[in-house]
Amino acid sequence: LFSHQNELFFNMFDHPMPRAFQNRFSTQYRCYSVSMLAGPNDRSDVEKGGKIIMPPSALDQLSRLNITYPMLFKLTNKNSDRMTHCGVLEFVADEGICYLPHWMMQNLLLEEGGLVQVESVNLMVATYSKFQPQSPDFLDITNPKAVLENALRNFACLTTGDVIAINYNEKIYELRVMETKPDKAVSIIECDMNVDFDAPLGYKEPERPTQHHEEPAEEESDPSNYEMDIGFRAFTGSGNRLDGKKKGIEPSPAPIGPSDIKRGIPNYDFKIGKITFIRNSRPQPRKTEEDDSVSSFIAFSGEGQSLRKKGRKP
């Protein structure tokens, strides 16, 4: 009986543990922003990506498990029921502490020193993602896709609903992850992913000036407006005569009647095969009475002078 009990006891510990339990890493840490990380080195690079800093004990524990690489983690704030996903950058934090980017703490609704649950996960590789800039200022960037592609190199995964922050040209731009495929949380390490953008939050399309074509057409088709708008008329200025006379030099343009066609308006009475020449010349008035000074003028009617006197013989 004793040997049988010992056999059962040893068999219980010799039985292999389930693989899911072997691969699972789950623990709680106090989380702080990267600005609280002690040390002479500036770790602002952590704020530009989606990776966290964990303590060395986490590396020791993960190395004992059959963890798939790259190591990805699910962060959960059990108090607010908010969760996100991230990668790990280094294992240099103090024991029991992890350091998160500020935008990640905002998504999780975590304060400095709050508790966060860290679990190892396996995510599918991303094929598609859609982002919505949280400010119209993002449109000022010349090539937004190139800027986003360069910024996502510091990220390990994306979670639908997160608001990530990227730093470009000394300015922080926030983008909401609207959609990811093939799952709501995907890995973006060494993947070929299509990127799309929604209209920025608060963006308004510029208003195009409305063009009213009907009203001017009605005004132009009204012949009563022809007299009000004479427009350009050639040869309407005054002139000067070489003989000093004043006849016919006063400007008197002929009035335009409704029958005259205004420039720019088509001739709706046009018939194929007929050419119409439009002139605004006035008819010549009939000669009734001429001015006395004009009628008395006869060319070459003056008296001449001769060098020879009449009656003198040569």
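The values are calculated or read from the model by the stated rules, or taken from the named source; none is laboratory data. Computed from a predicted structure; not experimentally measured. Positions of Cβ are generated from backbone atoms using ideal geometry, with glycine treated the same way; all protein chains shown enter the neighbour counts. For accessibility, only protein heavy atoms count, side chains too; no ligands or nucleic acids. Shrake-Rupley method; radii C 1.70, N 1.55, O 1.52, S 1.80 Å.
Structure notes:
- For region 128-197, a crude dipole built from +1 on the beta carbon of Lys and Arg and -1 on the beta carbon of Asp and Glu, taken about the Cα centre, is about 100 debye to the nearest 20.
- With 0.36 nm allotted per residue and the present C-alpha distance subtracted, the N194-T27 stretch has 56.7 nm of extension available.
- Lys, Arg +1 and Asp, Glu -1 on Cβ, resulting dipole of region 26-121 about Cα centre, debye, nearest 20: 260 debye
- Surface per residue (accessible, 1.4 Å probe) for region 128-197, Å²: 54 Å²
- Extended-chain gain in nm, criterion 0.36 nm per residue less alpha-carbon gap, K184 and D94: 29.2 nm
- T276-R153 pseudo-label distance in nm [points 7 Å out on the Cα-to-Cβ vector]: 7.2 nm
- Spin-label model distance (nm) - N167 vs R43, 7 Å beyond Cα toward Cβ: 1.4 nm
- Å² of accessible area per residue within region 26-121, as computed with a 1.4 Å probe and no ligands counted: 50 Å²
- Summary value for region 128-197: 49 percent relative contact order, contacts being C-alpha pairs under 8 angstrom separated by 6+ residues.
- Note on region 128-197: along the principal axes its Cα atoms extend 31, 21, 16 Å, ordered by decreasing extent.
- For the listed peptides 169-179, 45-55, a ranking on the average number of other beta carbons within 10 Å per residue, highest first, reads 45-55, 169-179.
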